[in-house]
Amino acid sequence: MTNIMKSMITALAIFGLALPAAAQEQPISLVGDVMLEKVETNETGESKTTLVEPGVIVPGDRLIFGTDYANSGSEAVENFVVTNPLPKPVRLASDADPELTVSVDGGKNWGTLGALTVTSEAGEARAAAHADVTHVRWTLAVVKPGEKGRVEYPAIIR
Amino acid sequence: MKTQTHLSLSLAATPLFLLMAMPAHAAGVSAGSLIENTATATYDDGSGPPKTVDSNTVVVAVDELLDVTVTSLDTGPIATQPGEEVLTFEITNTGNGPEAYTLTTNPAVAGNDFDTTVDNIAVDTNGNGTYDPGVDTILTGPATTPVLAEDENITVFVITTVPADVADTDESDVELTAEAVTGTGPAGTTFTGDGVNGVDAITGLTEADGSAIGSLIAGVTTVDLVKAASVADPFGGTSAVPGSVVTFTLTATVTGSGSIADLVIDDAIPTDTSYVPGTLTLDGGALTDASGDDAGEASAADISVDVGTVASGSSHAVTFDVTID
């Protein structure tokens with residue numbers, strides 16, 4: 001723990017950010033998890049989807065990344081934004097919620113995927129695709145004391 | 001699943017991670033790659049600037065997919081003859097990690113008209129696509145390829161001997177099989193901890209076992225030479241007496257597949273006869289007796305006609321006259 005704290009402090013110093021009051025209890029907690037979506041087809045051809053712990057995972061597998069949030073404080077918080085950079089080895093699954101707010105440029109610009117474009121090095125713009133997504137984001141105006149919830153996105157291993 | 005708690009460490013890690021190249025591979029993300037997911041929340045709590053909190057970082061490692069394809073690089077059945085023949089194959093690691101493959105051959109494929117003997121399997125060491133004895137490395141039993149990186153391919157040669165008693169147009173298939181050294185099995189067969197950097201290895205749709213067939217077709221060409229003689233005596237008859245003119249006809253007939261090159265028809269002038277100058281012909285056309293000006297030459301001792309390349313199914317006739325001494 002001490003080493004991690006040191007690393008954190010060093011990292012923060014490098015990036016010139018203000019050191020937050022680490023000792024202070026944060027009312028908001030975030031807990032991430034990942035599950036592997038497994039589709040099993042039975043003898044009659046019906047397929048059943050189950051979520052399992054990701055034991056063996058290979059390119060093409062579908063993962064569900066989830067984050068549980070909770071406000072354990074006594075005050076409501078406002079402008080609550082959860083930002084999740086997509087790990088490089090995965091792409092956003094094509095059946096992700098089309099209303100999801102995403103970025104395709106590392107978090108500079110945001111919108112639904114359908115509203116975003118990608119500009120090639122040659123300067124030609126094209127509609128953004130799921131594989132272009134670099135970040136996903138969820139926004140809540142208020143999270144009341146004791147309120148908790150979960151956000152998640154589906155991804156395919158590239 | 002491995003989970004790690006990194007707290008704000010991800011703040012430092014993220015910019016570095018963006019700089020890392022993530023090459024696109026047909027087989028997907030490289031085995032052993034870590035998938036690390038961290039969410040960050042920002043919010044206002046009504047006092048001071050917006051606050052930030054990170055989730056734990058979820059880390060999972062991509063496992064090693066074992067896959068392979070084998071392709072024949074020969075454009076079709078190789079026209080062959082008794083003796084050594086080389087078949088060419090390409091082996092591609094279509095998995096996502098480094099893997100070597102064990103090679104086996106089957107020269108006795110069902111339906112073969114004849115079976116070859118496999119002498120060696122060699123790697124195209126100098127990468128020129130052609131088997132170079134003494135240069136290209138012979139793989140010794142069990143024949144195993146070098147470790148191939150993901151998406152890497154190599155060319156291998158299967159060196160066979162075609163039996164001497166093969167008949168024209170007989171066909172033979174030779175099968176080359178490549179099996180992942182880590183293991184093979186129906187898609188999804190798992191080898192715990194046997195992947196790169198200790199990740200699990202799992203067979204893909206190819207079952208980590210690929211094979212391809214190279215084909216041979218025997219093109220055995222034979223030449224039949226028939227010699228005939230007709231005699232004309234000085235009295236209008238056909239008796240062989242001194243002064244009779246004997247016309248020899250040498251007919252070469254090529255049968256089988258393909259063609260033969262450099263067919264030369266030679267004959268000695270029989271004893272007690274004399275060549276009649278200027279009587280040498282090829283397929284009815286006159287040839288000079290001199291050497292070098294056309295296909296034929298003749299002397300008091302012998303005649304010789306260079307017919308050149310002769311396609312199967314054709315025949316050529318050479319004639320010359322002698323007088324009986």
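None of the figures in this text is laboratory data; all of them are computed from the coordinates on show. Note that the structure is a prediction, hence the values are computed from the model and not measured. Positions of Cβ are backbone-derived with ideal geometry, glycine not excepted, and every protein chain shown enters the neighbour counts.
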For this session: Per DSSP H run of at least 4 residues, take -39500 (n - 2.57); add these up for the protein assembly as shown, divide by its residues and hand me the 222 nm value, nearest 500 deg cm²/dmol.
Result: -1500 deg cm²/dmol
Problem set entry | Inverse of mean 1/r across different Cα pairs in region B:198-261, Kirkwood, Å | 18.4
For this session: Please build a GNM for chain B, connecting alpha carbons under 10 Å apart, and tell me which residue among B:Gly313, B:Gly219, B:Gly237 fluctuates the most.
Result: B:Gly237
Seminar exercise, completed: The Cα radius of gyration of the protein assembly as shown, divided by 2.2 N^0.38 Å with N its residue count, comes to 1.73
For this session: With a bin width of 10 angstrom, please list the P(r) values of region B:221-324 as percents of all Cα-Cα pairs, from the 0 bin to the one holding the largest distance.
Result: 16, 44, 29, 11, 1
For this session: Report the dimensions of chain B along its three principal axes from the alpha-carbon atoms, largest first, rounded to Å.
Result: 139, 39, 30
Exercise. What is the percent of Cα-Cα separations in region B:111-189 that go past 16 Å?
Worked result: 63
Problem set entry | Selected from B:Ile269, B:Ile260, B:Ile213 as most flexible by GNM, with chain B as the system and alpha-carbon contacts under 10 Å | B:Ile269
Exercise. Given A:Lys48/A:Lys144; A:Lys144/B:Lys51; A:Lys88/A:Lys144, which pairs have Cα atoms separated by over 26 Å?
Worked result: A:Lys48/A:Lys144; A:Lys88/A:Lys144
Problem set entry | Alpha-carbon centroid distance for the pair region A:23-100 / region B:95-126, whole angstrom | 46
Exercise. Using the reciprocal of the averaged 1/r over all distinct C-alpha pairs, how large is the Kirkwood radius of region A:25-157 in Å?
Worked result: 16.7
Exercise. At q = 0.15, 0.18, 0.19, 0.20 Å⁻¹, what is the log10 ratio I(q)/I(0) for region B:43-104, with the Debye formula run over Cα points and no solvent?
Worked result: -0.74, -0.86, -0.90, -0.93
Exercise. Rounded to the nearest 0.05, what FRET efficiency is calculated for B:Asp283 and B:Ile213 with R0 set to 45 Å and r the Cβ-Cβ distance?
Worked result: 0.55
For this session: Go ahead and set up a Gaussian network model of chain B, Cα springs under 10 Å, then flag whichever of B:Gly236, B:Gly256, B:Gly83 fluctuates most.
Result: B:Gly236
Seminar exercise, completed: proj_area_mean for region B:66-218 (convex hull on C-alpha atoms), units nm², value 9.2
Seminar exercise, completed: Computed over chain B: longest principal axis from alpha-carbon atoms vs helix B:9-19 long axis, angle to nearest 10 degrees, is 20
Problem set entry | Neighbour cut-off at most 10 other Cβ (10 Å), DSSP loop, GluC sites (Glu not before Pro), region A:83-158 | A:Glu99, A:Glu121, A:Glu124
For this session: From other protein chains only, count the Cβ atoms within 10 Å of every residue's Cβ in A:85-97, then give the mean.
Result: 4
For this session: Using a cut-off of under 18 Å, list every residue of region B:61-80 whose amide N is near the label point 7 Å from the Cα of B:Thr189 along the Cα-to-beta-carbon line.
Result: B:64-70
Problem set entry | Other protein chain Cβ atoms within 10 Å, averaged over every residue that makes up B:59-66 | 5
Seminar exercise, completed: With the 8 Å Cα cutoff and a minimum separation of six or more residues, chain B has a relative contact order in percent of 16
